[in-house]
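I have placed the structure first, in the form of structure tokens, so that the comments after it can refer back to it.
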Amino acid sequence: MTDDYRQKLAGEAELWGAESERLARDVPPDWRYHRSLRHNAVIHAANIDGLLACIRPGMDALELGCASGWLTLAMAQRGARAVGLDISDKSLAVARAYYEQVRAGVPGTVEYRAADLNALDLPAETYDVIAVKATLHHLVNLERAIEQIHHALKPGGLLWISDTRGQEAFSTVLAAGALTFLLPTQTPYREKLRALLRFGLRTPSRVQASMEAEGLSPFEGAGREMDWLTLVEARFTIERRVNLPAFTGYVTAQLKAPDALALPLLKTLRGFDRLLVRAGLLRNTSLVIYARKP
Ligand SMILES: C[S@@+](CC[C@H](N)C(=O)[O-])C[C@H]1O[C@@H](n2cnc3c(N)ncnc32)[C@H](O)[C@@H]1O
């Protein structure tokens, strides 16, 4: 492990720790509250509920990249013995503090541990379920992570992944760019127009960088170029693959409007988006897979 890697990983932990602390000030790190956050209501809720429906009391569950712990906790709320791993001590502190507040009402158990997912060393055939949400695209050693996940799952165990792969396609970037130009966002219209005039033909690459959250954290997008799906397909049986919408996630993050207006609009956009993806007119990068260890 080089000094440069260590330094970048510390930056990664710091950034996501601050994000966990910020979010927990507004919303408790608990799926019962997180489910109404806009990105969950529009994009993720169905698949998170889909994962949770697979959890039975007494199962051993592991989450990789658990941040403030809301998904690990949700698995314990379904009765699992749940473990959450993350690199951010600050996030883990948020997760542990909240678990202490609610543990009396949680039928399962929760344990949060610090770990670097690029250097995983998991026990063999221990978990019934392993969940990884929005984390693989931050990893530089995906091959080892997938190999370790396989090693740690019991035969027949479920691997659930929700993440992005590959680069945003030009058509998706154009759709997302046009919508965020026309709809109200944090950026005032005057500034949007100025940016369009200034960047001209370079505008799509700016939108693409924004969609891919380029530079957000030291390892943001590090795993985008490595094809985690191919690595998973080589070792697991894919039971179900859900294509998430192509541009609606980005528009959801940008839109500035009250929920009463935003939610119906975003859900309508999501419908169009799905149709375009299904028709092959747009390519989505985000997907959810439910895979079994044979
Ligand atoms: C985009 S956040 C996703 C958090 C959470 N899974 C969710 O969906 O709300 C990525 C998480 O991965 C963690 N992470 C990034 N690189 C990591 C690494 N090498 N080892 C462990 N955790 C890492 C970050 O600290 C952060 O909590």
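Quick check on A104: is it under 18 Å from A76 (Cα atoms) and within 15 Å of the ligand (Cβ to nearest atom)? For A104, the condition - under 18 Å from A76 (Cα atoms) and within 15 Å of the ligand (Cβ to nearest atom) - is not met.
Residues in region 110-128 that are away from the ligand (no atom under 16 Å from the Cβ) and either surrounded by fewer than 14 Cβ atoms within 10 Å (Cβ to Cβ) or part of a loop (DSSP other than H, G, I, E, B) (or both): P123, A124, E125, T126. Just need a number here: residues in region 66-89 that are surrounded by fewer than 24 Cβ atoms within 10 Å (Cβ to Cβ) and either near the ligand (Cβ under 9 Å from one of its atoms) or within 17 Å of the chain's Cα centre (by Cα) (or both). Within region 66-89, residues that are surrounded by fewer than 24 Cβ atoms within 10 Å (Cβ to Cβ) and either near the ligand (Cβ under 9 Å from one of its atoms) or within 17 Å of the chain's Cα centre (by Cα) (or both) number 2. When you look at L23, is it more than 9 Å from the ligand (Cβ to nearest atom), among the hydrophobic types (A, V, I, L, M, F, W, C) and either in contact (Cβ under 8 Å) with a residue 40 or more places away in the chain or closer than 26 Å to G271 by Cβ (or both), yes or no? So L23 fails the test. In region 44-62 there is at least one residue matching the filter, namely being more than 20 Å from N243 (Cβ to Cβ), more than 14 Å from the chain's Cα centre (by Cα), small (G, A, S) and more than 10 Å from the ligand (Cβ to nearest atom). Looking only at region 226-241, which residues are modelled with pLDDT under 95 and more than 16 Å from the ligand (Cβ to nearest atom)? Within region 226-241, just D227 meets the criteria.
Selection of helices (runs of 4 or more DSSP H) fully inside region 32-102 by the criterion of at least 3 residues being out of contact with any strand residue (DSSP E or B) (no Cβ under 9 Å at 6 or more places or on another chain) returns 45-52, 89-102. Put simply, of V242, V232, V251 the only residue that is crowded, with 16+ Cβ neighbours inside 10 Å, within 30 Å of G157 (Cα to Cα), among the hydrophobic types (A, V, I, L, M, F, W, C) and touching a residue at least 40 places away in the same chain (Cβ under 8 Å) is V232. Residues in region 26-48 that are in contact (Cβ under 8 Å) with a residue 60 or more places away in the chain and within 20 Å of L92 (Cβ to Cβ): P28, P29, D30.
For region 165-211, the helices (runs of 4 or more DSSP H) that sit wholly inside it and include 2 or more residues that are under 30 Å from V288 (Cα atoms) are 170-182, 203-211.
The values are calculated or read from the model by the stated rules, or taken from the named source; none is laboratory data. Here the structure is a predicted model, which means the values were calculated and not measured. Because the Cβ atoms are built from the backbone with ideal geometry, glycine has one as well, and the counts that use them run over all protein chains shown.
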